[in-house]
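For reference, the structure discussed in these notes is given below.
The values are calculated or read from the model by the stated rules, or taken from the named source; none is laboratory data. Remember, predicted model here, so these are calculated numbers, not experimental data. FYI the Cβ positions are ideal-geometry reconstructions off the backbone, even for glycines, and counts take in every protein chain you see.
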Amino acid sequence: MPFLFLICVLSLVLHAGVSDELIAQAHTKKLSDTRYWHLLMHTPHEESEIDDPAFFLAPQGKTDISSELDETIRRFKEDTNRSNESIFCRFPARRAWLEQELNTSFGAGECTDYDALLTKMDPQKVTLVFPSAHINSPASMFGHTFLRIDSSMESKLMSYAINYAAHTEDTNGLLFAYKGLFGGYYGFYSMLPYYEKLKEYRDSESRDVWEYDLNLTHAEVMAMVRHIWELQHINSWYYFFDENCSYHMLWLTEIARPSVHLRDHFFYYVIPPETVRAYEEESLVSEKHFRASKRTKLLSYERQLTPQGLESVRLLAEGKMDKNGLKQMRLRDQELRFVLEAAAELVEYNYIEGKISKENYAVRYHMLLSERAAQGIGDDLPLPSKSNPDTAHHAARVEVAQGWYEQRSPLLLGWRPAFHDLSEDDTGHLSGAQIEFLDTVIGVDHNRVNLEKLTVISLASITPVSHFFKPFSWRMKSGWDRDYGDDRLSFVTRVGAGAAIGDEQLFGYVLSEPEVRLGFNADIGLGFSVGGGINWGNRMKSQIEAGEVLYLDSADRSRITFTHLWQLNPSGALSISYEAMHQEYREDRVRIGANLYF
């Protein structure tokens, strides 16, 4: 018995001695200062952005990544437990890198869970996926990005999606926005089949999806997968503008290819479309693919069908027409095929929206697919050509303009950190959407500096109604401006709703907008606006709007605005605008300027 005890003691001493040698070697090579160790620790500077204590082995590992490196080496070498829950199996990315850098081996383990995942996932390539903006969802108004790990299978639907999102059960949009801005939620990585994410974004939320195949090598893909395994069930605080879904995809990609510096493209916020551009600029994208949402497909069917065909789709989807009734419509062969395809898409869309029961959905959907199969092969549905998000103008804007008003002619200097307004070029953006935060303009006139405008938030969703869709359009704005006379600031909050017609090239809208004005000349009013826009092509856009506000105490106020913008490239645009306002007296305003985007 004493002999066995002596053997155990000698073994521990031997392992400890080897550990000390490896730690000394790591210090000599200054491995804790290397870029890759900082990447593995998610440490941009001195402190890791991972907030979960379970991610660290050393007591002060979050703030002292050198001690975390020492403890990692010690545990890899000395721990005798090599099962699924062991440190050896939990951190394969750290282990692979240290074995390479220290020219050693930490031995073998029984990591059956990790090995089973690799077998099931069969990682070969990586794709960056961008579902477009969803203006009616506070969490997704800028769009979203996640990664897809592709296997050797031809179909990508069974590939694995790697997502990062805030964990929340809150349904209140304002509460979500507040907590998302100030770190009120934990964010988690998740791994699930790609078809489930497509069902969520493309089908349930009707968001178009762009896929960007990345040119990562197989070794780089494996480096990413090893680190993804390390992040399972690990949390960190979620912040809407910086440490968000897109930002965490940048970490994973830099882990795969440390020579790229994706995070260096961003300073004080990270917006999903800008991350797509960063991948392009780092020469990571090899191919691009577009997956149309159900809404985009149904709108395309609308353009292909006659009024009789459209009515047939409606009746079929509502279960008011069977295949015998369809034959009586005497539709041409190709239109008949489109009618059946459109009806099947509409039935599925209505089921997802909860408008029909599962039983009715199953019966109608099966009948439509069976009848469509009987019609044979036909033409593919022509889908509209949509611009990739990487072609859009940059998110932040600096404006320089000369204004000519009734009493003064100020030089106008503006700054807007994000993101897009209705008067700007829609290339790469969700048409009809406006998302602006902290849009600020100051005026300089005869050595006098005035705050002309400070928009805290401005949102709009101008979505035309169609045969299949009847959405309402809405708009809201809250902030200070000098539009209410006497050259003084007023704080105005305006929220309204209405309807729109047209398409992405030519649209018009009518809105009813109640208004509350505080500060100078405080009042309450009910406004009505009629407007429209034209996308001319060649990245030129015009917009006109006329409105009237009826106040309780003040004189009624009318306003007409016209803007025309020419987007020269993603970094610059020229604009001209005219505005005529009348409330007790009339004032005309003209502005000519340039927008610089970055």
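The table below lists the values:
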| quantity | calculated |
| --- | --- |
| Which numbered condition Asp213 fails, given (1) out of contact with any Phe, Trp or Tyr (no Cβ under 9 Å at 6 or more places or on another chain); (2) assigned to a helix (DSSP H, G or I) | (2) |
| The stretch 29-50, subset in contact with a Lys or Arg (Cβ under 8 Å, 6 or more places away or on another chain) and not β-branched (Val, Ile, Thr), residue farthest from Met249 (Cα to Cα) | Glu47 |
| Total residues in the stretch 43-67, condition of a type outside the set (Asp, Glu) and in contact with a strand residue (DSSP E or B) (Cβ under 8 Å, 6 or more places away or on another chain) | 1 |
| Only listed residue being modelled with pLDDT of 85 or more and closer than 19 Å to Phe142 by Cβ, chosen from Glu230, Glu200, Glu220, Glu196 | Glu200 |
| Residue within the stretch 235-253 that is crowded, with 22+ Cβ neighbours inside 10 Å, of a type in the set (S, T, N, Q) and modelled with pLDDT of 95 or more present | yes |
| When residues of the stretch 458-473 are limited to those that are hydrophobic (A, V, I, L, M, F, W, C) and over 22 Å from the mean Cα position of the chain (by Cα), the one farthest from Phe142 (Cα to Cα) | Phe468 |
| Output for the stretch 470-493, where each listed residue is among the hydroxyl-bearing types (Ser, Thr, Tyr) and either out of contact with any Asp or Glu (no Cβ under 9 Å at 6 or more places or on another chain) or not in a strand (DSSP E or B) (or both) | Ser473, Ser478, Tyr484 |
| Residue match in the stretch 494-516 (condition: of a type in the set (Lys, Arg), without any contact (Cβ under 8 Å) to a residue 60 or more places away in the chain, assigned to a strand (DSSP E or B) and in contact with a strand residue (DSSP E or B) (Cβ under 8 Å, 6 or more places away or on another chain)) | yes |
| Members of the stretch 437-493 found to be of a type in the set (A, V, I, L, M), surrounded by fewer than 19 Cβ atoms within 10 Å (Cβ to Cβ) and within 17 Å of Ala418 (Cα to Cα), listed by number | Leu438, Leu454, Val456, Ile457, Met476 |
| Subset of the stretch 343-368 that is outside any loop (DSSP other than H, G, I, E, B) and surrounded by fewer than 15 Cβ atoms within 10 Å (Cβ to Cβ) - its residue that is nearest to the chain's Cα centre (by Cα) | Lys358 |
| Some residue of the stretch 68-82 being of a type outside the set (D, E, K, R) and either exposed (fewer than 15 other Cβ atoms within 10 Å of the Cβ) or not in a helix (DSSP H, G or I) (or both) | yes |
| Count of the stretch 72-109 residues which are of a type in the set (Asp, Glu), touching a helix residue (DSSP H, G or I) at 6+ places or on another chain (Cβ under 8 Å) and at pLDDT below 95 | 2 |
| Complete set of residues in the stretch 552-572 that are buried (at least 17 other Cβ atoms within 10 Å of the Cβ), among the polar types (S, T, N, Q) and not in a loop (DSSP other than H, G, I, E, B) | Thr561, Thr563, Gln567 |
| Residue satisfying all of: in the stretch 254-273; in contact (Cβ under 8 Å) with a residue 60 or more places away in the chain and either assigned to a helix (DSSP H, G or I) or in contact with a Leu (Cβ under 9 Å, 6 or more places away or on another chain) (or both); surrounded by the most Cβ atoms within 10 Å (Cβ to Cβ) among these | Pro273 |
| Scope the stretch 385-425; condition in contact with a Lys or Arg (Cβ under 8 Å, 6 or more places away or on another chain), part of a loop (DSSP other than H, G, I, E, B) and among the polar types (S, T, N, Q); matching residues | Asn388, Ser423 |
| Subset of the stretch 274-284 (residues that are buried (at least 18 other Cβ atoms within 10 Å of the Cβ) and either of a type in the set (Gly, Ala, Ser) or within 18 Å of the chain's Cα centre (by Cα) (or both)) | Glu274, Thr275, Val276, Arg277, Ala278, Tyr279 |
| Residue ID - farthest from Lys297 (Cα to Cα), chosen from residues in the stretch 180-197 that are in contact (Cβ under 8 Å) with a residue 40 or more places away in the chain and touching a Leu at 6+ places or on another chain (Cβ under 7 Å) | Tyr189 |
| Cβ-Cβ under 7 Å pairs, at least 6 apart or on other chains, the stretch 469-493 side under 30 Å from Arg303 (Cβ atoms) and without any contact (Cβ under 8 Å) to a residue 24 or more places away in the chain, far side hydrophobic (A, V, I, L, M, F, W, C) and surrounded by fewer than 18 Cβ atoms within 10 Å (Cβ to Cβ) | Pro471/Val465 |
| Checking Lys320 against (1) farther than 19 Å from His467 by Cβ; (2) surrounded by fewer than 16 Cβ atoms within 10 Å (Cβ to Cβ); (3) not small (Gly, Ala, Ser), the condition it does not meet | (1) |
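Condition check ((1) of a type outside the set (Asp, Glu); (2) more than 25 Å from Tyr160 (Cα to Cα)) across all residues:
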residue	(1), (2)
His38	yes, yes
Asp52	no, no
Pro59	yes, yes
Ser67	yes, yes
Arg74	yes, yes
Glu85	no, no
Ala96	yes, no
